[in-house]
Structure formats: C-alpha cells, structure tokens
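Asks: Here's a structure for you.
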Amino acid sequence: MPLPSRLSFAIANSVAALTALWIAFALDLQRPYWSTFAVFVVAKPLSGAVRSKAVFRLMGTLLGAGVALLLVPPLVQAPPLLCVAIACWVGFCVYVSSLDRTPRSYALVLAGYTAAIVGFSAVNTPLSIFDIAVARVEENSIGIVCAALAHSIFFPHNATEEVSGVLRTATDRAAGWIGTALRGMDPAVEEMAAPRAAQVLDQLHAATTFIVYETSNVRRSGLLLATLQDRLALVPTHVSAIHQAARAHTALSPLPLRIIAALDQAAAMVLQLRQAGSREELPTTALRMAARADAPDPSTRAAEYEQAIFWHLDELLASCRDFCLLTLALKERAPLSADELARPMASALPHRLHVDRALALLSGTAAAGAVLLVCLFWIATAWPEGAIAAQFAAIGCSLFATLDQPAKILRSAILAILLALPVGAAYEFALLPASDGFTSLALLMLPPLLLFSYLQSGPRTEGAGLVLAIAFSGSLALQPSFQSDFAAFLNSNAAEVCGLIVAALVNVIFRTIDPAWNAWRISRAGWRSLRELARRRLPVDVSAWMVPMFDRLGLVAQRLGNAAPNTAHARGIDALRDLRTGLNVGRLLNLRPAADARAQAALDEVLELVAASFSARLRQNAGPDDTRIDATIQRALEAAASAWVGESRLAAASALTGLRLDLSRPLDQPA
C-alpha cells in the first residue's frame, strides 16, 4: 500500500474512532470506549473489507447478545453451570468459524466472545442483563457505522485497485519465472514460484469475497476473478509437468533441438503476453506450438516424453493468455465473451478452500478450556475482576484460533498491553485531567490514534496496530465524566493480562503444532481428495477441483518455510506431484465418455491404480509395483491410440505419460 494511501487510511480511521467516541459520550452509554474498539477491529485497507467486517460484526454482536440473554436469567443462580454454558458456546463458535475461510466466519467469532462479554458483565447484576446487552449492541453499532462510512466516503480504497496491483505483480513475476523455468529447467525456480502463485491465489480469493461489498461497477468482476483463480492454479502445474517430462527425457537422451527451440519460443511468448497493454495487443490463439507438428509418433519412451512436453507447452500458453486476457478485461471493466478464452469461464459457484476439522476442534476445545479455567479461579477466589479476565480469555482464543501457534500471537498481545500501560497511565493521570471538553480530549487522543491507524494500514504491522489500539483504549476506559482511580486502573488491566496469559497457556497445550507435522496432515487431505477423484467415473471440472489443491500447496509451503531441507522428502510431501496427478486424472475422466468400451476399461484400470497408490500412501504402505504400473499404463496408451483422434488423443497420451512418471517411483520421492 503506497504511503499516500496509508496516510489517508490513518486519517479516515482516526476520524471514525473519534466520531464514534463522541456519539457514545452524547448517548451516555456505559462503555463508550467499546465504540472505539469496534472502529479499530473493523478497520481494513479495503473499503469492501471494512463493509464486510461491519456487516458480520453487527450480526455476530446481535447473535452473541441474544445468546447471553437466553443463558444468564435461568443459570445465574448456578454460576458453574453458567460458566460451562458460556464456555461451550465460545468453543462451538470458534469451531464453526474455523471451518469457514470467508468473511462470514467473523460473525461467529463475534457471537462467541460477545456472549462472554455480555454474560459475565451481568453476573453480579442479572436484572440489568437486557440493558447491558442493548448497550453492547449500541456501542458496537456506533463504531461499525462510523468505520464503514469513514472508509467508504473519505479516500476509499476498493478491491479493484487492490486486485489490479496484485495482478500486475503476479503477471510480472510469473512471466519472469516461467521464462527462467522454461529456459533453465531449474527445479528450484519451480519449487519457489509455485508457493508464490498460491499466495496470489489466496489474495484473489479474499478479494473475490469482498466484491459483493463493493460498488456496483465492481460486482461484475466476481466471475472474472474466479476464472483468474482457475487459470492461475493451472500455470505452475503445467510448468512442473514440463520439467518432469524434460528430466525424464534427459535421463534417456539429450533434449532434441526442436524441444529446446520450443521452450525458448514459449518463454518469449509469455514475455510478449506480459507486455500487452490492451486486449487488442494480445497474441491470438496462434500461440499453439507449431513445433509439435514435427514431434515423432510416441513409439518410444523418449517420444512419449517429447509429446507430453509439447502438449503441456500448449496448455501453459493457453492458460497464460487467458490469465492476461482476464486481467486486462478486469482493468478495462469491459464485457468479456467466453469465446475469447481458450477454456470455459469458471463456475458461478464459489471455490471451496481447504478445511481442517481436527484443527478447528482443537481450537474450540482450547477456547472453552481457557474460559472455564479462568471462571474456576474467579469463582474459587471471588476475584472482583474475574469477569474481565474471562472475557479476555474468550477474546484471545477466538481471534487467533486459525493460526498454527496462536500462543505466539497471544504473547505478543500481552507484551503490547504491557507497553501500552505506561502510555495509558500517562494519559489517564497526567494529560486527561487537564482536558476540558471533547475538543481538547480529541486533540490529546489524535496522535496515538493516527499512529495505531497507520500501523494497521500495513500488512506486516496490522496486528501490532490493532492490539496497541485496543490495549490503549482499554487502559483508559474513557467515560463521559472523568474518573481517576489508580487501583481500578491496575486491577482491570491486570485482569486483561491474566485472561490472555491463561489463553496462551491453554493454547500451548492444545494448539502448539509442529508446522512440518501440520504440513503432512494437509498433504494427506490432498491425497484423500486424489483418491476420491480417481474413484470417479464421471467428468469433472478440473480447474475448480485444482483450486483447493493449489490452496493446500500454499498452506504446505508456509509451514515448511523454516523446516529442515529434507523434511518434505522424509514425510512424502510433494504438492506439485499431487497437482500433476490430479490434472492428469481429471483429463482422463473428461475424455472417458467419448471412448469405446476397450479404452474405457483400460482407463478404469489406470484410475484404480491411482486410487490404490494414494490409498497405500495414506496407510504409509508400499503402493503398486513398477511392473504393474508400467503394464497398466502401456495398455491404456495402446487403447488411446485407436479410441481418440487429434487433440483428444494427444491429451490422453500426455496424461497417461504423466501418470506413469508420477506413479512409477516411490511416492515419498519428490519430483
């Protein structure tokens, strides 16, 4: 995000926070500072993201307050049962929200800890439960509305601008590494570039979910973004398949000059695509590799590899052209005909990303356990500030539930509160007593609010800015009339820290996960998906199937980033192999209905072989031996020669050749 945009975001956010505080003061609400909390929690650099968080935060607040109204009156005379009920609700909300990687999950996150905030606040005064719930909704609603209006009216930064920047960067990088990969055949380039492409896909997916909260001239691009994700998932897969076939060919004999020339030609074409400034400047479908016409019939193993290289070059260039065409169409905001694309548009249905139910269950258990532990101590000691500690335990466990090691972030939050305390104390007992009216208060509050807002505008400092803002506002606990109580200041802030400490300790026990082990678990989910795909006998949308697989590649790469070099090899993790296998299986499934009975039977044998290989991988057993693999695929290749003609025959042959390469070696050996 450029500096002017970050400064404009900081100004708009600070104005929203001060406006929310002024309105809360004017309405004489119980906790005006919660309105400031809401502004900072909702704030995002994208105006569409702010609107989505605002909508779902309001929904979550209403739901959480409603649950508190249902639980407190019948259970207030039995504090242990009330604590168990609220803890279970928090854990349930954390579990369900962890299964949804869209902005919708934020509603349940809020519903969980809002019930804890409202419910525990009313324990000592149960007759005021309705007033507390209404005040909580009012305080949040004021902050939500102020944030949404400020970021929509003043210097809005919409998703189209963000996506355009992401796509420009992605196109430049992709053109560079595709050219390097095709010319140099360096596996390191391939392994480094695929996770980067997965990161871009994740950003595109997030932007797609925010489209519906943008202005009308942006909503039409939702289908384009979904198709962009499809094409992006195919590009590294085809590059990997080209590398695989080229390495196999080199092991038998040096690459022929026609292949080297074709690789150089493809690299030049990719650079030409990147340089196109408009849709009219894009090359036409003449990108199809003319050199493939000179390829020999696949009568030898080397000729099979050569044919596979040419086929994947064709598919790579078609995917790259579609990607550039879609990017330019999004930039120009002009209608795009499906006939202009080499492949059909994406399905209107949203893509489903990887979901980890076991991790979600652990997160929910940790959240419920942390709240129960604090409540147990609260009841046993009659701690006056126990409600605050229980509330912050619920907040800490809910907000960071999806991370591999949430305890690290919780420790950072504790440190931020401790750093904010001296500043808050200086304001509380030195500066605020000298202020007279809201104008002087706003001038005193403006510098730290601008600083926190500026930090929130950067992806690397966003979390620090949010935690510091909440810690600073919470330490002040501003009220319409000045109240200076040093003992209350220390006790309330100590309770916040204690709640977060318990949350961190419980997460250390339940949620400290070895990243390499988690990467292996995610890979196993991909193997199960591949096994189920191979058991199908109906056509499949290959691109849509590959998006969650590509998402898993990005998740695995993140977790293996700091692992030992041989960790992936030792655990049998090879995400690019899985992507290639899925692509090839999908091609065969789509070609199968047009084949004769003999070819269908041969393809069924191959598909059963793939399913058996990944079933064995899941059981950590040896899969089918090389002799069986070679014989089965050879029969399928012979059947394919007579079952299809033209492009279909080439597609089937290249898919079978790729499967032979991926299955005829131990699955724990990386490509």
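Asks: Counting only residues that are closer than 23 Å to D574 by Cα, open to solvent by less than 50 Å² (accessible area, probe 1.4 Å) and not aliphatic (A, V, I, L, M), how many does region 594-651 have?
Replies: Of the residues in region 594-651, 6 are closer than 23 Å to D574 by Cα, open to solvent by less than 50 Å² (accessible area, probe 1.4 Å) and not aliphatic (A, V, I, L, M).
Asks: Still on this structure: Kindly indicate whether any position in region 522-535 is of a type in the set (D, E), open to solvent by 30 Å² or more (accessible area, probe 1.4 Å), closer than 30 Å to L609 by Cβ and out of contact with any helix residue (DSSP H, G or I) (no Cβ under 7 Å at 6 or more places or on another chain).
Replies: Yes: region 522-535 contains one or more residues that are of a type in the set (D, E), open to solvent by 30 Å² or more (accessible area, probe 1.4 Å), closer than 30 Å to L609 by Cβ and out of contact with any helix residue (DSSP H, G or I) (no Cβ under 7 Å at 6 or more places or on another chain).
Asks: Next question, about the same structure. Does region 570-577 contain at least one residue that is open to solvent by less than 10 Å² (accessible area, probe 1.4 Å) and touching an Asp or Glu at 6+ places or on another chain (Cβ under 7 Å)?
Replies: yes
Asks: A follow-up question, please. In region 394-402, is there at least one residue being farther than 21 Å from L476 by Cα and not hydrophobic (A, V, I, L, M, F, W, C)?
Replies: Checked region 394-402: at least one residue is farther than 21 Å from L476 by Cα and not hydrophobic (A, V, I, L, M, F, W, C).
Asks: Mind checking which pairs have a first residue in region 214-235 that is more than 30 Å from L313 (Cα to Cα) and a second that is open to solvent by 10 Å² or more (accessible area, probe 1.4 Å) and modelled with pLDDT under 70, Cβ under 7 Å, 6 or more apart or different chains?
Replies: Sorted first by the residue in region 214-235, then by its partner, the pairs are E214/N158; T215/N158; N217/R333; V218/N158; V218/T160; R219/V212.
Asks: Same structure, new question: Working only within region 120-130, note down all residues that are closer than 14 Å to F392 by Cβ and open to solvent by less than 10 Å² (accessible area, probe 1.4 Å). Talk me through it step by step, then tell me what you get.
Replies: From region 120-130, those closer than 14 Å to F392 by Cβ are 120-121; that's our starting set.
Answer for region 120-130, where residues must be closer than 14 Å to F392 by Cβ and open to solvent by less than 10 Å² (accessible area, probe 1.4 Å): just F120.
Asks: Give the residue that is nearest to the chain's Cα centre (by Cα), with candidates limited to residues of region 510-549 that are closer than 29 Å to A602 by Cβ and among the aromatic types (F, W, Y).
Replies: Per the criteria, the residue is W545.
Asks: If you check every pair at least six apart or on different chains, which have Cβ atoms under 7 Å apart with a residue in region 111-126 that is more than 15 Å from L58 (Cβ to Cβ) first and a residue that is of a type in the set (G, A, S) and open to solvent by 10 Å² or more (accessible area, probe 1.4 Å) second?
Replies: F120/A387; S121/A387; A122/S128; V123/A387
Asks: Among D322, D294, which is surrounded by 15 or more Cβ atoms within 10 Å (Cβ to Cβ), of a type in the set (D, E) and at pLDDT below 85?
Replies: From the options D322, D294, the qualifying one is D322.
Asks: Also, quick follow-up: Considering each of E605, E638 in turn, give the residue that is charged (D, E, K, R) and within 29 Å of R552 (Cβ to Cβ).
Replies: It is E605.
Quick grid of which residues meet (1) under 23 Å from A394 (Cβ atoms); (2) crowded, with 16+ Cβ neighbours inside 10 Å:
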{"position": "P433", "(1), (2)": "no, no"}
{"position": "G465", "(1), (2)": "yes, yes"}
{"position": "A477", "(1), (2)": "yes, yes"}
{"position": "F489", "(1), (2)": "yes, yes"}
{"position": "A494", "(1), (2)": "yes, no"}
{"position": "V497", "(1), (2)": "yes, yes"}
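Asks: So A87 passes all but one of these: (1) in contact with a Leu (Cβ under 6 Å, 6 or more places away or on another chain); (2) without any contact (Cβ under 8 Å) to a residue 60 or more places away in the chain; (3) open to solvent by less than 30 Å² (accessible area, probe 1.4 Å); (4) not basic (K, R). Which condition number does it fail?
Replies: Condition (2) is where A87 drops out.
Asks: Identify, from the list S440, S457, the residue that is open to solvent by less than 70 Å² (accessible area, probe 1.4 Å) and free of Cβ contacts under 8 Å to residues at least 24 places away in the same chain.
Replies: Result: S440 is the single residue among S440, S457 that is open to solvent by less than 70 Å² (accessible area, probe 1.4 Å) and free of Cβ contacts under 8 Å to residues at least 24 places away in the same chain.
Asks: Additional query: Name the single residue, out of those in region 99-114 being open to solvent by less than 20 Å² (accessible area, probe 1.4 Å) and of a type in the set (S, T, Y), that is farthest from G396 (Cα to Cα).
Replies: Within region 99-114, the match that is farthest from G396 (Cα to Cα) is T114.
Asks: Ok, one more. Wholly within region 355-434, which helices (runs of 4 or more DSSP H) include no fewer than the required count, namely at least 3 residues that are under 18 Å from T114 (Cα atoms) and not hydrophobic (A, V, I, L, M, F, W, C)?
Replies: Ranges flagged: 357-381, 386-399.
Asks: Please state which one of V84, V123 is β-branched (V, I, T), closer than 25 Å to A367 by Cα, at pLDDT 85 or above and not in a loop (DSSP other than H, G, I, E, B).
Replies: Of V84, V123, the one residue that is β-branched (V, I, T), closer than 25 Å to A367 by Cα, at pLDDT 85 or above and not in a loop (DSSP other than H, G, I, E, B) is V84.
The values are calculated or read from the model by the stated rules, or taken from the named source; none is laboratory data. No experiment lies behind these values; they were computed from the predicted model shown. Positions of Cβ are generated from backbone atoms using ideal geometry, with glycine treated the same way; all protein chains shown enter the neighbour counts. Heads up: the accessible areas ignore ligands, DNA and RNA and are worked out on the full protein's heavy atoms, side chains in. Shrake-Rupley method; radii C 1.70, N 1.55, O 1.52, S 1.80 Å.
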